[in-house]
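Visitor: Right, I'll just put the structure down here and ask away after.
The values are calculated or read from the model by the stated rules, or taken from the named source; none is laboratory data. Because the structure is a prediction, the values reported are computed rather than measured. Positions of Cβ are generated from backbone atoms using ideal geometry, with glycine treated the same way; all protein chains shown enter the neighbour counts. Quick note on the areas: whole protein, heavy atoms, side chains included, nothing else; ligands and nucleic acids left out. Shrake-Rupley method; radii C 1.70, N 1.55, O 1.52, S 1.80 Å.
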Amino acid sequence: AVDAASPAPASTQRREKSGLVPEGGATLGSSGIYSITSTGAVRADFDFPRSGEYVLRAQAGAQQAGPDVALLELRLDGKARKVFEVRAARDSPQSCELKLHIDKGTHRLAAAFINDYYNPSAKDRNDRDRNLYVAYLDVAGPLDVPVNETPAIRRPLVILQPGNGKSVKDAATETLNLLTCRAFRRRVDPDEVDRFAGLVELVVQRGDSYERGIEVALSAILVAPQFLFRVERDTDPNDPQAKHAVGDYELASRLSYFLWSSMPDDELFSLAAKGTLHQDDVLQQQVRRMLADPKSRALAENFGSQWLNLRGLAEVSPDPQQFGSFNDELLADMRRETELFFEAVMREDRSVLSFLDGDFTFVNERLARHYGISGVAGEQFRRVSLAGTQRAGVLTQASVLTLTSNPTRTSPVKRGKWIMENILGTPPPEPPADVPLLEETQKAAPNASLREQLELHRKDPNCAVCHLQMDALGFGFENFDAIGRWRDRDGAFPIDASGTLPSGEKFAGPIELVNILKQRKAEFSRSLTEKMLTYALGRGLEFYDRCAVDEIVEELEQSDYRFSTLILEIAKSEPFRMRRGEGATP
């Protein structure tokens, strides 16, 4: 980014191995290095995009023999430019480089061995044969690019040069003040910047360039704890009763990492500097602005993946014999569908209940074919209606259905458990250690359908407690196979996707079950709120967070469960805007 090798950015072209052309006694060894055992050379053509200063370089080592040191001659377009003594060994080659002004166009660079020596009768066996070894040739430049042509990344990093009465330390301080504020995501003290500016001064005193000093200082900034961690300061960190509102800079970071998974932008920094970000009206305006920004896609990708367990898709491995159409591309499509669906709910400020009953989705040709949807061609995803189909919301998307299946078959238990944990927020307890596995039931009744096998499994009172609800929820989605395709039969058995929940509600098929789940607004909105708040805070919820959750859920209900309300109320909540001491370390 800083490019300390020269004041201007320089691209490097390298030729090695088969990219070099041997001449004379040059041969390519198995290690990828050219051995020049008699007079010879290696060469390559390079493109020089503009006239200017370039560095020509050969990386070479030698085997010494005779009275002289091995010599390498750099040639450009057949003309000798400079001769180098190569004293380095083959295994630790040296750089032989030359800076030249070269005209725009294609030019041929060569490295030649010009003082071969061979004396087989020498008394010392190590003094009989002089050879040259060349690892690569490269060209760096142009070095003298005008400042207005430097890449945009470099301009904010080196904003000021020493000179015109401004010392290295002063120029570095002004340059690094901005960098350090951005890296630490807050206003910095003069002493903090002074330490980094001192590094620049030290580097220059030792004979290196100012840019090299900025590079060293930037490296130090990027390994500082204040950059690597989101530091929030407490006046009394060991007193749990010493609660206080976080500062505006800290609030800016909480917001940006919550909604963007990245640092605050200039507007957030500006409001933090003014001390107005914490004001309710300003905070609300910023949340809405940040949700509308394309960077909020990170919320869909990161929170969505965490909430819906999409990261677990990397571990699924459906049986290739049974599911030959499944591959990595389809798996990526499944995940992308769910992320785009989440983003649509967020961007359109829909009710969060749309996660359950949304009558649309996003597919490309491959995923549409998987679903049996016609009229979709190409790799690009597009929105399609699901009205009148047996799919709705995330529960019927292939990502979730595949994630909650076994490699060779569906798993009503896994699907039911997933719904209880991620949708209803009522995870079942861990099964007792002595509960028999379903596989044992399958062995006892191999000719029974999966539903019949689970009914046998539930006859054990220890199993029935959890399985009554889990199995019913899971069987509502049995029409979808282990990779999310619709089916009417499971082998020899017709699919029975009906069920009765412990609460007495009956359903026949996935859409009826989705409609039942949608009626459990309080459970779903509380579960989603708890998971979103956990994500926003970066910690698990404690008993003292319950009041905040209650308030957010109440506001959600009053706003018809709008997505923006969930985010706004989290940003305004006490857990998000305040902190307290953690207590003394035992």
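Visitor: So for region 133-264, what percent of the C-alpha to C-alpha distances run longer than 27 Å?
Guide: Pairs farther apart than 27 Å: 38 percent.
Visitor: Once you charge only the Cβ atoms, +1 for Lys and Arg and -1 for Asp and Glu, what is the size of the charge dipole of region 487-574 about its Cα centre, to the nearest 20 debye?
Guide: Values: 12 positive and 17 negative charges, 63 e Å.
Dipole size: approximately 300 debye.
Visitor: 7 Å from Cα along Cα→Cβ at both N164 and E232: what's the point-to-point distance in nm?
Guide: 4.4
Visitor: Any idea what the alpha-carbon Rg over 2.2 N^0.38 Å comes to for region 281-433?
Guide: Rg over 2.2 N^0.38 Å, computed on Cα atoms: 1.13.
Visitor: Another one. For region 209-287, give the percent of accessible area contributed by carbon and sulfur heavy atoms, probe 1.4 Å, rounded to a whole number.
Guide: Looking at region 209-287 in its full context, I get 54 percent from C and S.
Visitor: OK, next. Between R562 and S411, what is 0.36 nm times their sequence separation minus the Cα-Cα distance? Round to one decimal in nm.
Guide: Stretched fully, the R562-S411 segment lengthens by 51.1 nm.
Visitor: Still on this model: Per residue, how big is the convex hull around the C-alpha atoms of region 82-129? Give it to me in cubic angstrom, could you?
Guide: Expressed per residue, the convex hull around the Cα atoms of region 82-129 is 113 Å³.
Visitor: May I pose another question? Take the Cα pairs of region 517-586, get the Kirkwood Rh, then feed it into Stokes-Einstein at 25 °C and 0.890 mPa s and tell me D in µm²/s. Don't skip to the end; give the middle numbers.
Guide: Details: Rh = 12.7 Å.
Here the translational diffusion coefficient equals 193 µm²/s.
Visitor: Stretched out fully, how many nm does the piece from R87 to R539 gain, at 0.36 nm a residue minus the Cα gap?
Guide: Extra length from R87 to R539 when fully extended: 156.8 nm.
Visitor: Over all alpha-carbon pairs in region 34-82, figure out the percentage whose distance exceeds 17 Å.
Guide: Pairs farther apart than 17 Å: 46 percent.
Visitor: Moving on. List every residue whose amide H lies under 5 Å from the amide H of F360, counting only residues 5 or more places away in sequence or on a different chain, with H placed 1.01 Å from N in the peptide plane.
Guide: L386, G393
Visitor: Here's another thing I want to ask about it. Apply 1/(1 + (r/R0)^6) to the Cβ-Cβ distance of F493 and S374, taking R0 = 25 Å, and write down the FRET efficiency to the nearest 0.05.
Guide: Efficiency at R0 = 25 Å is approximately 0.30.
Visitor: On the principal axes of its Cα set, how long, how wide and how thick is region 7-98? Give whole Å, largest value first.
Guide: So the three principal-axis extents are 42, 27, 25 Å.
Visitor: Let me ask something additional. Hey, with R₀ at 51 Å, roughly what FRET efficiency would A242 and E315 work out to, going by the Cβ-Cβ distance, to 0.05? Could the numbers behind the result be given before it?
Guide: Details: r = 43 Å, r/R0 = 0.85.
Efficiency, from the Cβ-Cβ distance: 0.70.
Visitor: Still on this structure: Fully extended, how many nm does the chain gain between S18 and S385 (0.36 nm per residue separation, minus their Cα-Cα distance)? Walk me through the numbers on the way to the answer.
Guide: On the way: separation 367, 0.36 × 367 = 132.12 nm, distance 5.43 nm.
Between S18 and S385, full extension yields 126.7 nm more.
Visitor: Give the accessible surface of region 297-394 per residue, rounded to a whole number of Å², with probe radius 1.4 Å and ligands, DNA and RNA excluded.
Guide: On a per-residue basis, 44 Å².
Visitor: Which of the trypsin sites (Lys or Arg not before Pro) found in region 534-586 are loop residues per DSSP with 12 or fewer other Cβ atoms within 10 Å of their Cβ?
Guide: R539
Visitor: Show K274, K414, K531 ordered by accessible area, largest first, where the area counts protein heavy atoms only and the probe is 1.4 Å. Kindly include the intermediate steps, with their values, before the conclusion.
Guide: Numbers: K274 145, K414 90, K531 60 Å².
Highest to lowest solvent-accessible surface, that is K274, K414, K531.
Visitor: Taking Cα pairs under 8 Å and at least six residues apart, what relative contact order does the chain come out at, in percent? If you can, show how the numbers build up before the last one.
Guide: Details: 986 pairs, mean separation 68.6, N = 586.
With pairs under 8 Å counted, the relative contact order is 12 percent.
Visitor: Now for a separate question. With the contact rule set at Cα under 8 Å and sequence spacing of 6 or more, what percent relative contact order holds for region 228-328?
Guide: Numbers: 55 pairs, mean separation 21.4, N = 101.
Averaging sequence separation for qualifying contacts and normalising by length gives 21 percent for region 228-328.
Visitor: Still on this structure, I have one more. Picking from P237, Q284, L251, whose Cα lies most toward the positive end of the charge dipole for region 207-294 (charges on Cβ: Lys, Arg +1; Asp, Glu -1)?
Guide: Q284
Visitor: Can you work out D for region 230-284 in µm² s⁻¹ from Stokes-Einstein, where Rh is the Kirkwood radius over C-alpha pairs, the temperature is 37 °C and the viscosity is 0.692 mPa s?
Guide: Answer, rounded: 274 µm²/s.
Visitor: Which whole-Hz ³J(HN,Hα) couplings does region 180-188 yield from phi under the Karplus relation 6.51 cos²θ - 1.76 cosθ + 1.60, θ = phi - 60°, glycine and proline marked x?
Guide: Karplus-based 3J(HN,Hα) across region 180-188 equals 5, 4, 5, 5, 8, 6, 6, 5, 10 Hz.
Visitor: Kindly provide the GluC sites (Glu not before Pro) of region 310-354 that DSSP labels as loop, not H, G, I, E or B, and whose Cβ sees at most 12 other Cβ atoms within 10 Å.
Guide: On the way: sites: E315, E329, E337, E339, E343, E348; in loops: E348.
Passing sites in region 310-354 are E348.
Visitor: Return the sequence-ordered ³J(HN,Hα) values of region 398-409 in whole Hz as given by the Karplus equation 6.51 cos²θ - 1.76 cosθ + 1.60 applied to θ = phi - 60°, using x for Gly and Pro.
Guide: 4, 4, 5, 5, 6, 4, 9, 10, 8, x, 10, 7
Visitor: Translational diffusion coefficient of the chain at 4 °C, 1.567 mPa s, Stokes-Einstein with Kirkwood Rh over Cα pairs, in µm²/s as a whole number.
Guide: 43
Visitor: Something else about it: At R0 = 51 Å, how high is the FRET efficiency between K295 and T39 if r is their beta carbon distance? Nearest 0.05 is fine.
Guide: 0.25
Visitor: To the nearest 20 Debye, how big is the dipole of the chain about its Cα centre, given +1 on the beta carbon of each Lys and Arg and -1 on that of each Asp and Glu?
Guide: The dipole magnitude comes to about 1340 debye.
Visitor: Here is a follow-up. For every helix of n ≥ 4 consecutive DSSP H residues, a contribution of -39,500 (n - 2.57) applies; sum these over the chain, divide by its total residues, and give [θ] at 222 nm rounded to the nearest 500 deg cm²/dmol.
Guide: Only helices count here, giving -11500 deg cm²/dmol.
Visitor: Could you please state how large a percent of the accessible area of region 477-586 is carbon and sulfur, counting protein chains only and using a 1.4 Å probe?
Guide: 47
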